[in-house]
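*Asks:* Mind having a look at this structure? Questions to follow.
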Amino acid sequence: MTDDLIVARGLGKSFGATRALDDVSFSVKPGRIVGLIGPNGAGKTTALKALLGLTRFEGALSVLGLDPYRQRHRLMQDVCFIADVAVLPRWIRVRQLIEFVAATHPKFRREVCEHFLARSDIKRGSRVKELSKGMVTQLHLALVMAIDARLLVLDEPTLGLDILMRKQFYETLLNEYFDEQRTILVTTHQVEEVEHILTDLLFIDRGRIVLDAAMDEVQEKYAQVAVRPEHVAAARTHQPLAERQGLGRTHMLFRDTPRADLERLGEVGVPSVADLFVAVIQGARA
Amino acid sequence: MDTNWNDSLPIYRQLRDRVVAMILEGVLNDGDPLPSVRSVAAEYRLNPLTVLKGYQQLVDEQLVEKRRGRGMFVTEGARRALLKDERQHFLEEEWPRIAGRIQRLGFEPKELLEHLDKIPPEPAPSLKGAPEPDAAEGDERD
């Protein structure tokens, strides 16, 4: 037995001739914030749909110890979800929406929702279509965070929000929602804004997991070096995963190369998730 | 998105250094509580494990102590211990470099002392209130 919250083994899914998911295996422990990161069409949304029981799949998948497709109803009591196409009915009033969720979700805590809304400019009598895009997201987040769930799935949660709203979104999430009993799975293109929030990385490309690592591991294994011109040839003998020309320096990404060797080549730093992502995806496709 | 961190050191390490600077500057005094992990995580949008790791490092160095159920506090004598280390570090590592540079540039001690008055004070280190990025910046989407 493990205490893993999600266990996927050999997950597969085809749409016609396209393999959207191909032998995907990974697991997620409680209390983690996992970034599922991949280019468009990599299989992120299909993977999330499988986890949420919204699609059939090949292979074995357990979420909170349940089969998401067969036991979706039970699963949904402990999982909440914000989709990139976050749709709330345009005609509904905020007050009605709260009533609806309160009536349908057993773990909805109305007072928590009211607490979040009290800090926004959202009026109870407004219809969704009268709210700004930022307000709709705030409303959605208030509804979802008020659900006492163990797993929160966020699919491109900040798409279309300005930078202040995005900042506020993650600040609220960390301050008022996340704790060691809860787990968050997030997909986003905005890698920079989540990279320090994540505890774990899952890179997916062409339906396959190409990197599965805790952030701690990433920081130990990988290093970004600003290589001085005279050391470029020597640096290449350590087989960098990626190379990019900078101002008077060549930036190279190394894996499992002893730090002492790297320090002779130039300034050693921690690679950004974006740099790592580009290198790993290129490597996987080569 | 943040100008708070540089990429030369892991963030937990930079967080540790920032708390150390706050203790040295007297922003945090012996016995003062550290801001909660949650509030620092939210403020900087860091995962709480990173903050915990930074704090744990301070605990390992006996600069900070955990008080059950109440959070983290600056250890009695932390500032004195740090100051001792820092002074030693300065004399052994930094001062020889600076002294060498002063010599190469041909400064007289008198000149440097006179110039001291013109140096503006440094802002005190803190765990909050970093300047906000411009709202219009980095608003690209795809």
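Read-outs: derived from the displayed coordinates by stated rules, not from any lab. Note that the structure is predicted; figures quoted are calculated from it, not measured. We place every Cβ from the backbone using ideal geometry, glycine too, and count neighbours over all the protein chains shown.
*Asks:* In debye, nearest 20: dipole of the range A:1-92 around its Cα centre with unit charges on the Cβ of K, R (+) and D, E (-)? Could you put the intermediate results ahead of the total?
*Replies:* Working: 12 positive and 8 negative charges, 48 e Å.
Approximately 240 debye in magnitude.
*Asks:* Would you mind checking which residues have amide H under 5 Å from A:Arg182's amide H? H placed 1.01 Å from N; only 5 or more apart, or other chain.
*Replies:* Answer set, sorted by chain and number: A:Gly31.
*Asks:* Summing Lys, Arg as +1 and Asp, Glu as -1, what charge do residues with Cβ under 15 Å from the Cβ of B:Lys110 carry, B:Lys110 excluded? Write down the numbers at each step before the final one.
*Replies:* Numbers: positive: B:Lys118; negative: B:Glu108, B:Glu111, B:Glu114, B:Asp117.
With Lys, Arg at +1 and Asp, Glu at -1, the net is -3.
*Asks:* State the answer as a single residue: which of A:Ala214, A:Leu174, A:Val186 lies farthest towards the positive end of the charge dipole of the range A:158-219, with beta carbon charges of +1 for Lys and Arg and -1 for Asp and Glu, about the Cα centre.
*Replies:* Projecting each Cα onto the dipole axis, the largest value belongs to A:Val186.
*Asks:* Kindly work out what percent of the DSSP beta bridges joining two residues of the protein assembly as shown are antiparallel, to the nearest 5.
*Replies:* Within the protein assembly as shown, antiparallel bridges account for around 70 percent of the total.
*Asks:* Rounding to the nearest 10 and keeping the result within 0 to 90°, find how far the Cα-based axis of helix A:94-104 lies from the longest principal axis of chain A.
*Replies:* The angle comes out near 90 degrees.
*Asks:* With +1 on each Lys and Arg Cβ and -1 on each Asp and Glu Cβ, how big is the dipole of chain B about its Cα centre, in debye rounded to the nearest 20?
*Replies:* On the way: 21 positive and 27 negative charges, 148 e Å.
The dipole of chain B has a size of about 700 debye.
*Asks:* Could you give the spread of the C-alpha atoms of the protein assembly as shown along their three principal axes, from largest to smallest, in whole angstroms?
*Replies:* 79, 52, 45
*Asks:* Taking the Cα centre of each part, how many Å lie between the range A:15-94 and the range B:1-45?
*Replies:* 36 Å
*Asks:* Seen from all sides and averaged, what is the projected area of the convex hull of the Cα atoms in the range A:147-244, in nm²?
*Replies:* The Cα convex hull of the range A:147-244, projected and averaged over all directions, gives 9.2 nm².
*Asks:* Could you rank the peptides B:101-113, A:256-268 by their average count of other C-beta atoms within 10 Å per residue, with the highest value first? Walk me through the intermediate numbers first.
*Replies:* On the way: B:101-113: 9.5, A:256-268: 15.2.
Top of the packing list down: A:256-268, B:101-113.
*Asks:* Per residue of the range B:46-55, what does 6.51 cos²θ - 1.76 cosθ + 1.60 with θ = phi - 60° give for ³J(HN,Hα)? Whole Hz please, x for Gly and Pro, Karplus curve as stated.
*Replies:* In residue order, the calculated couplings are 10, 6, x, 5, 4, 5, 4, 5, x, 5 Hz.
*Asks:* Going by how many other Cβ atoms sit within 10 Å of their own, how do A:Trp91, B:Trp95, B:Trp5 line up, fewest first?
*Replies:* A:Trp91, B:Trp95, B:Trp5
*Asks:* Please average, across the residues of B:30-43, the number of beta carbons from any other chain that are within 10 Å of each residue's own beta carbon, and give a whole number. Don't skip to the end; give the middle numbers.
*Replies:* Working: counts 0, 0, 0, 0, 0, 0, 1, 1, 5, 3, 1, 8, 8, 3.
Taking all residues of B:30-43 together, the mean is 2.
*Asks:* I would also like to ask the following. Apply the Karplus curve 6.51 cos²θ - 1.76 cosθ + 1.60, θ = phi - 60°, to the phi angles in the range A:181-187 and return the couplings in whole Hz, x for Gly and Pro.
*Replies:* Values, residue by residue: 8, 9, 10, 10, 10, 10, 10 Hz.
*Asks:* May I ask you to compute the full-extension gain from A:Arg236 to A:Ser132, defined as 0.36 nm times their residue separation minus their alpha-carbon distance, rounded to one decimal in nm? Present the calculation step by step, with values, prior to reporting the outcome.
*Replies:* Details: separation 104, 0.36 × 104 = 37.44 nm, distance 5.13 nm.
Here the segment from A:Arg236 to A:Ser132 would lengthen by 32.3 nm.
*Asks:* Averaged over A:190-199, how many beta carbons belonging to a partner chain fall within 10 Å of each residue's beta carbon?
*Replies:* Numbers: counts 5, 0, 3, 4, 3, 6, 11, 7, 4, 4.
That average works out to 5.
*Asks:* Another question, if that's okay. Using Cβ counts within 10 Å as a stand-in for footprinting exposure, how do A:Thr46, A:Thr199 rank, fewest first? Display every interim value, and only then the final one.
*Replies:* Numbers: A:Thr46 22, A:Thr199 19.
With the fewest neighbours first, A:Thr46, A:Thr199 line up as A:Thr199, A:Thr46.
*Asks:* Further question: Ranking A:Ile204, A:Ile197 by Cβ neighbours within 10 Å, fewest first, what do you get?
*Replies:* Result, fewest neighbours first: A:Ile197, A:Ile204.
*Asks:* Can you work out the FRET efficiency for the pair B:Gln62 and B:Arg38, with r the C-beta to C-beta distance and R0 = 22 Å, to the nearest 0.05?
*Replies:* Values: r = 24 Å, r/R0 = 1.08.
It comes to 0.40.
*Asks:* Give me a single rounded figure for A:158-167: the average over its residues of other chain Cβ atoms within 10 Å of their Cβ.
*Replies:* Details: counts 1, 2, 1, 2, 5, 10, 5, 1, 4, 6.
Average neighbour count from other chains, rounded to a whole number: 4.
*Asks:* Tell me, what is the percent relative contact order of the range A:15-155, built from C-alpha pairs under 8 Å that lie six or more residues apart? Write down the numbers at each step before the final one.
*Replies:* Working: 141 pairs, mean separation 35.6, N = 141.
So the answer I get is 25 percent.
*Asks:* Write down the Kirkwood hydrodynamic radius of the range A:190-286, to one decimal in angstroms, obtained as one divided by the mean of 1/r over all alpha carbon pairs.
*Replies:* Details: mean 1/r = 0.0721 Å⁻¹.
The Cα-based Kirkwood calculation yields 13.9 Å.
*Asks:* Here is a further query. Can you list, largest first and rounded to whole Å, the semi-axes you get for the range B:1-133 by taking the square root of 5 times each eigenvalue of its Cα gyration tensor? Could the numbers behind the result be given before it?
*Replies:* Numbers: eigenvalues 207, 69, 40 Å².
In descending order, the three semi-axes are 32, 19, 14 Å.
*Asks:* Also, quick follow-up: Roughly how many nanometres apart are two label points built 7 Å out from the Cα toward the Cβ at A:Asn175 and A:Phe100?
*Replies:* Distance between the two pseudo-spin positions: 2.9 nm.
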